[in-house]
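The values are calculated or read from the model by the stated rules, or taken from the named source; none is laboratory data. This is a predicted model, so every value here is computed, not measured. Here Cβ is always computed from backbone atoms with ideal geometry, including for glycine, and neighbour counts include all displayed protein chains. Ligands, DNA and RNA are excluded from the accessible area calculation, which covers all protein heavy atoms including side chains. Shrake-Rupley method; radii C 1.70, N 1.55, O 1.52, S 1.80 Å.
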Amino acid sequence: MVGDRPVVELYAVLEDGTPCLVADDRVRPAFYVPARFAAEVRARAPRAEVAQTARRTLEGEPVVEVAVGVPREVPPLREDLEAAGVPCFEADVRFAYRYLIDREIRGAFAVAGSWAPWGPSGRLYRNPELQRARWFPRLRVLSLDIETSPDASRIYSIALCTAGFRRVLIAYERPVGGAEVLPDEAALLRRFLRCVREIDPDVITGWNVVDFDLAVIERRCRAHGIPCVLGRTDEPLEIRRDRSAGRDSRAVARGRAVVDALSLLRASYVRLEDYKLETAAQTFLGRGKLLVGGGAAAIEAAYRSEPEKLVAYNESDAQLVLDLLRETGLFDLAVSRSLLTGLPLDRVGAAIAAVDSLYLAAAHRRGVVVPSVARRTSAARIAGGFVMDSIPGLYRNILVFDFKSLYPSIIRTFNIDPLTQVRAPAAAGEDVVRAPNGACFRRAPLGILPELVEWLAAERERAGRRGEKVAANAIKILTNSLYGVLGSSASRLFSPEVANAVTHFGQYWIRFAAQCVRAHGYAVIYGDTDSLFVDAREPDPERAREIGGALAREVTAAVGEAARREFGCRSFLELEFERLYQRFFLPEVRGGRTGSKKRYAGLVATPAGEEIEFVGLESVRRDWTEASKIFQRQLLDLVFHDRPVDAFVREFVARLRRGELDGLLVYKKAARKDLAAYTKTTPPHVRAARMRGGAGGIVEYVMTTAGPQPAEAATAPLDHEHYVEHQIRPVADAVLRFLGQEFRKLVGEGRQLALF
């Protein structure tokens, strides 16, 4: 605010790295209501400015613009109007976001106008001219990591790492090798804040940096009466904890972006057993933390007696985050997603917000306004994809086909969009496409979502030609988000009928494709949403691949012809031959004879050699022990290579019973509620967690002769027979059944039982 005028502030860096602030006080907060309510708005809000506009709703109704003095006046006015039955449009769009959306600025922009000095070496632009630009910046990234006392009531050391710079600050009473020593915590914090100003990064990162490192730093600064200024202004750091499910906390350090590396990993659809720094580092870097195990106790011991060891550990953790971001390309991916959608770096994982910004900009170009997010929950059911019953068994040369971007392609092919939906029964002779669920959509004009799919497809193709793999991946992620907004009640585009039109079309075409495959004489052994698994019935892998390519082309052509014949539409649906599994395993439902769904394993040839891929099986589930995973991998490796399994099964069980695999028998399971909330039943992991006296989270426990106990503090012997019966036997029997064998007989238990 400047006086009584709201100001949009954009913090940015110029091409040469100079920080700058753009301040614009020429705009006012505004939203829209149907023009027929203009008089009522003037009566209820006499200070608001109600102006005529050429814009209309999705249904074509004229609207007026309602402008107020400051952003905080919008929510109460919206509530008052909606309570009186006046619908409000775009009344929840944040003031600064609307500024960017209206100018179609997505991350990068060109600025023109006079400027004044700002800060030590920056520029301040007041009310300049801004234009959208294409530019991929190279930002200075600083990684932070702190080490604390077990209860985080005291900070021992802080590591700062950036390109070409590493430093560890430690509060200690004597010199410590590899660190800058400060006399106490207050001095440590002051020195840390000075270092950040001197390094002057554009981005601050770390592992869980918002909820832990920066939250503790802010709290300890407050305890010492030190202003926690980490940005490029004098405003203190602000931690914003969003209570909404699925949203991450944010740290606001004005002039710098705070981007949590852990959040980037989760938002990029990378699946790991857990999201600890150690797990991510081992997975992507092949190395991990310097102190593994012991947790807070090990840190405390190192600080007391081996501070040099703590310094090395602290510095290593901060550097690991930078190395992870570089190796995975996650930071460049975040920048690409920001440039694509206009969202800040710390929000690029917000799929609904990403589509929101693009949809609103496209709607405004057409003179259309979009509803505010409704404050409601819906009982409407959104249909899922079609999942076929599987035909369990062991197979050779299974072809896997995928519809390329199935839901976005359906949206584009059939012009599906809230703007094109015909809400009343279609008039006789009206040129519409009728979806399998009965929803109707005009063929013209082109809808906004179809337009976005078309634009993104062109952008992805352009990125592919340029070899820009990161940009292409960002576009793929965004494209696959377009359908999700239709089925989410948290979206302003939420529409069960429109969402179901997409999914019912998806079901229609996957069934159609399966029929085409069968008509060519091949067996479909499984199908899921956009994928088909086909038995090539061909012993030679190379010949099977040729069949896969030809079949994909033939089915795609058949789909295109059917779309033209049955719906009068040009098809953008494409079935791709995605991979060949040289050997394939589809299990039965445990305890039954029907095929299971979303669970299989396949042997695939890669440039690096053979690899077994697991989906949904024990090998990729956190709540199964490492012993069961190793057993399953090795068992299937033998089966897939036609080697005998008898000796392996017997020896593995014998080793387990002898205690040679005790280190692999730890269960990991999440306690998703407070431990006290488990009252009706007490699962094993909760019993173990209560014994260790801790909170919930991921619980590591073992089954002993005395029942479940914490893995790190078990007092009774392990119950090896429990593991044989519940971890090895189910995995073995699922495979052995197709070899005509039985686990109990293999390990000798059948003969022993026959004696009684």
| request: Name the residue, out of R72, R56, R36, that is among the charged types (D, E, K, R) and in contact with a Pro (Cβ under 7 Å, 6 or more places away or on another chain). | output: R56
| message | Just to be sure I understand, how many residues within segment 402-418 are out of contact with any Asp or Glu (no Cβ under 6 Å at 6 or more places or on another chain) and open to solvent by less than 30 Å² (accessible area, probe 1.4 Å)? | response | 10
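Return the residue satisfying two criteria in turn: it lies in segment 593-650 and is of a type in the set (K, R) and either assigned to a helix (DSSP H, G or I) or modelled with pLDDT of 95 or more (or both), and of such residues it is nearest to E542 (Cα to Cα). Step through it out loud before you land on a result.
So the first thing to find is which residues in segment 593-650 are of a type in the set (K, R), and the list is 593, 597-599, 621-622, 629, 633, 643, 650.
Restricting the remaining residues to those that are either assigned to a helix (DSSP H, G or I) or modelled with pLDDT of 95 or more (or both) gives 629, 633, 643, 650.
On the way: K629: 31, R633: 25, R643: 23, R650: 36 Å.
My answer is R643.
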| request: Take segment 96-131 and flag every residue that is open to solvent by less than 70 Å² (accessible area, probe 1.4 Å), more than 36 Å from the chain's Cα centre (by Cα) and free of Cβ contacts under 8 Å to residues at least 40 places away in the same chain. | output: A112, G113, A116
| message | of a type in the set (A, V, I, L, M, F, W, C), open to solvent by 40 Å² or more (accessible area, probe 1.4 Å) and farther than 13 Å from F401 by Cα: which single residue out of A499, A519 fits that description? | response | A519
| Looking at (1) over 15 Å from Y156 (Cβ atoms); (2) among the aromatic types (F, W, Y); (3) modelled with pLDDT of 90 or more, which is the only condition Y269 fails? | (3)
| remark: Note on segment 104-139: residues in contact with a strand residue (DSSP E or B) (Cβ under 6 Å, 6 or more places away or on another chain), in a loop (DSSP other than H, G, I, E, B) and not aliphatic (A, V, I, L, M) are E104, G113, N127, P128, W135
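Within segment 721-756, which residues are in a helix (DSSP H, G or I), open to solvent by 40 Å² or more (accessible area, probe 1.4 Å) and modelled with pLDDT of 90 or more? Reasoning before the result, please.
From segment 721-756, those in a helix (DSSP H, G or I) are 721-739, 743-746, 749-753; that's our starting set.
Restricting the remaining residues to those that are open to solvent by 40 Å² or more (accessible area, probe 1.4 Å) gives 721, 725-726, 729, 733, 737-739, 744-745, 751-753.
Those that are in a helix (DSSP H, G or I), open to solvent by 40 Å² or more (accessible area, probe 1.4 Å) and modelled with pLDDT of 90 or more: E721, E725, H726, R729, D733, R737, F738, L739, R744, K745.
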| Identity of the residue in segment 569-623, open to solvent by less than 60 Å² (accessible area, probe 1.4 Å) and β-branched (V, I, T), that ends up nearest to M703 (Cα to Cα) | V615
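Just checking: which of the helices (runs of 4 or more DSSP H) contained wholly in segment 272-343 hold 2 or more residues that are modelled with pLDDT under 90, more than 25 Å from V203 (Cα to Cα) and not β-branched (V, I, T)? Explain how you work it out, then say what you get.
Values: elements: 277-285, 295-305, 307-328, 330-341.
Helices (runs of 4 or more DSSP H) meeting the threshold: 295-305.
Listed here are the residues, each with its yes/no results for (1) within 13 Å of E9 (Cα to Cα); (2) modelled with pLDDT under 95; (3) not small (G, A, S).
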residue	(1), (2), (3)
Y97	yes, yes, yes
A110	no, no, no
A116	no, no, no
G119	no, yes, no
| query | Somewhere in segment 372-386, is a residue polar (S, T, N, Q) and in contact with a helix residue (DSSP H, G or I) (Cβ under 6 Å, 6 or more places away or on another chain)? | reply | no
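Given the criterion within 15 Å of Y97 (Cβ to Cβ), touching a residue at least 40 places away in the same chain (Cβ under 8 Å) and of a type in the set (A, V, I, L, M), identify the matching residue among L333, L345.
Numbers: L333 fails: within 15 Å of Y97 (Cβ to Cβ).
Exactly one of L333, L345 is within 15 Å of Y97 (Cβ to Cβ), touching a residue at least 40 places away in the same chain (Cβ under 8 Å) and of a type in the set (A, V, I, L, M), namely L345.
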| Does segment 350-363 include one or more residues that are open to solvent by 20 Å² or more (accessible area, probe 1.4 Å), of a type in the set (A, V, I, L, M), more than 28 Å from A499 (Cβ to Cβ) and not in a loop (DSSP other than H, G, I, E, B)? | no
| request: Evaluate the following for E451: is it modelled with pLDDT under 95 and either closer than 18 Å to C569 by Cα or open to solvent by 10 Å² or more (accessible area, probe 1.4 Å) (or both)? | output: no
| remark: Filtering segment 624-653 for residues that are more than 12 Å from Y723 (Cα to Cα) and either open to solvent by 20 Å² or more (accessible area, probe 1.4 Å) or among the acidic types (D, E) (or both) leaves a count of 14
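Just checking, which of R326, R337, R304 is among the charged types (D, E, K, R) and either in contact with a strand residue (DSSP E or B) (Cβ under 9 Å, 6 or more places away or on another chain) or farther than 17 Å from D260 by Cβ (or both)?
On the way: R326 fails: either in contact with a strand residue (DSSP E or B) (Cβ under 9 Å, 6 or more places away or on another chain) or farther than 17 Å from D260 by Cβ (or both); R337 fails: either in contact with a strand residue (DSSP E or B) (Cβ under 9 Å, 6 or more places away or on another chain) or farther than 17 Å from D260 by Cβ (or both).
The conditions single out R304.
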| remark: Log entry, pairs with first residue in segment 353-381 being under 22 Å from A35 (Cα atoms), second being surrounded by 22 or more Cβ atoms within 10 Å (Cβ to Cβ) and at pLDDT below 90, beta carbons closer than 7 Å, six or more apart or on different chains, reads none
| request: Report yes if some residue within segment 382-389 is part of a strand (DSSP E or B) and surrounded by fewer than 20 Cβ atoms within 10 Å (Cβ to Cβ); otherwise report no. | output: yes
| message | If V666 meets every condition in (1) free of Cβ contacts under 8 Å to residues at least 60 places away in the same chain; (2) open to solvent by less than 30 Å² (accessible area, probe 1.4 Å); (3) of a type outside the set (K, R); (4) within 19 Å of S628 (Cβ to Cβ) apart from one, which number is that one? | response | (2)
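Let's see how each residue does on (1) among the polar types (S, T, N, Q); (2) within 23 Å of P19 (Cβ to Cβ); (3) buried (at least 16 other Cβ atoms within 10 Å of the Cβ); (4) under 32 Å from the mean Cα position of the chain (by Cα):
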{"site": "V203", "(1), (2), (3), (4)": "no, yes, yes, yes"}
{"site": "V210", "(1), (2), (3), (4)": "no, yes, yes, yes"}
{"site": "R222", "(1), (2), (3), (4)": "no, no, no, no"}
{"site": "P227", "(1), (2), (3), (4)": "no, yes, no, no"}
{"site": "L237", "(1), (2), (3), (4)": "no, yes, yes, yes"}
{"site": "L264", "(1), (2), (3), (4)": "no, yes, yes, yes"}
| note | If we keep only residues of segment 464-487 that are open to solvent by 30 Å² or more (accessible area, probe 1.4 Å) and assigned to a loop (DSSP other than H, G, I, E, B), then the residue farthest from A267 (Cα to Cα) is R466
| said: Can you go through E49, E79 and tell me which one is more than 36 Å from the chain's Cα centre (by Cα) and of a type in the set (D, E)? | reply: E49
| request: Search segment 142-168 for residues that are within 20 Å of R256 (Cα to Cα) and pair each with any residue that is assigned to a loop (DSSP other than H, G, I, E, B) when their beta-carbon atoms are under 6 Å apart and the residues are at least 6 apart or on different chains. | output: L142/P201
